[in-house]
Amino acid sequence: MSVSSLFRLSTALVCLVSIVPSLAGAEQATAAKAPYVEAGNTNKRGDACFSTVDTNAAVHLLSGFLEVWTPRTPFVDAGVEAPTKDNCPAVAKTDWDGIPFSKTDGQIVNKLVHDANIAYVVKATKARTAEQAVAAYLDDRRGKNASIVDGLGPLTDAWKAGSKQTTTITEVAADATTVKYDDKGNNRGAGSKPDTENRTDANPDMGLAIDFINAASGDGSTEPAKRYFKYGRPYRWSQDVSVVPTLEPAKSGKPVEDGGFPSGHTAEAWRDALAMAYLVPQRFQEMITRASEMGEDRILAGMHSPLDVMGGRMLGTATVVYNLNKTDNAALKRDAYAQAQSWLIAKSGVQDAGALEVAAHAAPLAADRFADHDANRAYVLQRLSYGMPTIHATDRPARVPQGAEALLETRLPYLDGEQRREVLGTTEIASGYPLLDDAEGYGRLNLFAAADGYGAFDQDVTVTMDAAKGGFNAIDTWRNDIGGKGKLVKRGSGILGLSGANSYAGGTVLEEGALVAGSPSAFGTGGLTVNGGSFVVAADKPVAVGGDYQQFANATAKLALGVNGAGTLVVAGKAALAGDIDVTLAHGFVPAPGTKIEILKAGSITGSFGKFTISGHRASLSYGATAVTLTIDG
């Protein structure tokens, strides 16, 4: 046996001997295998003796990486001496040198995935534009929160003013290719108490919000996982990886202390972005997009690979879930949310959270680079898996991490915890990708899609929205393509919009408030019953009802008519009519007097509307066996 092999064996045995007899070690091993929401406190920086795949929650979470890569030693070391503890002797330093393909390196387990991982970086850095190089530099050298804050769009300046956030990295210096610049700002801003280390006074404006963001990162270090997996940065794997020239001074000269997996920048970006999305749900999806962009910029910088970034996202998300569910943070998250909303509402000159939602998206595309929802959705989706080759079955059932529903508390406040879990489960990505099929489901979460509501009604869903509570309780839109066999029942005074290409089969019932059809297939393939409230047809083409349509006396149908049949209703089954109907004509749609429009077609029609109104015109309704026709009189 070689000297190096003997060394590896001896260090492994030292770690094993130190763990097995230790009651504390056994307890921690059990804890690390518990759900991350309970085990997050085992992710301790510097605790080498207890930091293995079975004793450190972060290492355990990311253990799917072992299907791609086997590290030099199966415990945290990577050149750092472990502290001596009771029943835990110091573990010798590894002989890993941090250089890929060296005699002391780990082993590639799945060459196809590993090669695809590095090839992505090679391709991305070779195609990198000058603008992307600047963005990658800024995201590297600037404080992570100071970078991602622009995900708030029109609310960014108000946030900066309230948080007292500062940064000294605002551009790329002329000598950045030879001089390493570090951010001397305060990154997240000033908390509610004086901070002598960062020379900040107590912040009465948004101090609690900053306290909350800080708390959301508790036990969130990526260092133990880096020191466990011992996986090199991409520019060390391939000379074809082009590091941004201005980041050459930032490259570490000690590879053994500079592992690539997981990405620390990415993990922090996701921790902060999710905390800010919780406080400002009006920009929830934009903050998710900005965190995803931070990860992409780490790749464009040449500093990290897709798997590094995917691991950072998973660990960052799990850390926030762990901290959101801590009893000690319950009052803080409530008060921080109230403070952030109050400050932003006041600074935006609006009246309430609902108006803040409008203000949060008031800037045009040129002023808000996250204004395009569909572009954001595609961007985030691609970067959840980075198109890595699949290595498992792609049809595994959904997994939702325990406690993850807390991430959606402020974005979907009208749902209960179990419903939010259903949303997470029905919007996650497919299984099969390396790393992402973790036991809890963190790798498959698609939080951008989750903010757009259910992806499927696997069972009947009842939603109750209270408009008096304001914000998303008063009005929200589900933009996903909703499938499933279940039924949707809408209750409460709020307004819910459905704008996806829906195919759910159980039917739809409106009892109170308003339900808005924003797409032709808003109601899936089932029937529609309007017991009360207002049913609004606002799609740009005729809205289909796959079964029967029934409207009762206490209900109102509101049709916004336009070109190409917009605002009309096509019912596959029977239509039973009662109640009121209110018709408006879309801007620019001016049908000539005498124009006849079939506003409702069905297999058969019984009953009639009790009251008919039309805004700005004179018109009349006539009822046939299979159609209700509106005639413009003037």
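Can you find, among 509, 566, 465, the residue farthest towards the positive end of the dipole of the range 454-632? Put +1 on the C-beta of Lys and Arg, -1 on that of Asp and Glu. Sorting the options by dipole projection puts first 566.
The slack between residue 335 and residue 595, meaning 0.36 nm per residue of separation minus the straight C-alpha distance, is 87.9 nm. Taken as entire DSSP H runs, the helices of the chain that both span 15 Å or more between Cα atoms along their own long axis and average 0.0 or more on the Kyte-Doolittle scale are 3-19, 111-126, 264-279, 306-324. Multiplying the residue separation of residue 175 and residue 633 by 0.36 nm and subtracting their alpha-carbon distance yields 157.5 nm.
Within the chain, the longest run free of exposed loop sites, counting GluC sites (Glu not before Pro) that sit outside DSSP helix and strand states (H, G, I, E, B) and have at most 16 other Cβ atoms within 10 Å, spans 198-634. Considering every alpha-carbon pair of the range 112-427, the percent of pairs per 20 Å bin, from zero through the bin containing the longest distance, is 31, 60, 9. Modelled this way, with points 7 Å down the Cα-to-C-beta line, the labels at residue 251 and residue 184 are 2.8 nm from one another.
By count of other Cβ within 10 Å, fewest leading, how are 303, 465 ordered?
Values: 303 27, 465 23.
So the residues, fewest neighbours to most, are 465, 303.
For a label point 7 Å from the Cα of residue 168 along Cα→C-beta, name the residues of the range 216-252 whose backbone N is under 20 Å from it. 246-251, by backbone N distance to the label point.
Short-range pairs are left out: with C-alpha atoms under 8 Å and at least six residues apart, the relative contact order of the chain is 9 percent. Treating r as the C-beta distance of residue 101 and residue 503 and R0 as 51 Å, the FRET efficiency rounds to 0.50. Cβ crowding within 10 Å ranks 489, 530 as 489, 530, fewest other Cβ atoms first.
Here 125, 390 are placed in order of increasing Cβ neighbour count within 10 Å, fewest first, which gives 390, 125.
A Förster radius of 25 Å, combined with the Cβ-Cβ distance separating residue 563 from residue 611, puts the computed FRET efficiency at roughly 0.40. Of the Cα atoms belonging to the range 454-632, the radius of gyration and Dmax stand at 15.5, 48 Å. Residues of the range 115-145 with amide nitrogen under 20 Å from the 7 Å Cα-to-Cβ point of residue 240? Inside the label zone: 115-129. Taken about its Cα centre, the chain carries a charge dipole of roughly 540 debye when the Cβ of each Lys and Arg holds +1 and the Cβ of each Asp and Glu holds -1.
At 0.36 nm per residue, minus the direct Cα-Cα distance, what do residue 623 and residue 195 gain on full extension? Give it in nm, one decimal, please.
Numbers: separation 428, 0.36 × 428 = 154.08 nm, distance 7.32 nm.
Difference between extended and current length: 146.8 nm.
Read the figures in this text as sums done on the coordinates, not as results from a lab. Keep in mind that what you see is a predicted model, and the values were worked out from it rather than measured. Heads up, the Cβs are rebuilt from the backbone with ideal geometry, glycines too, and the neighbour counts pull from every protein chain shown.
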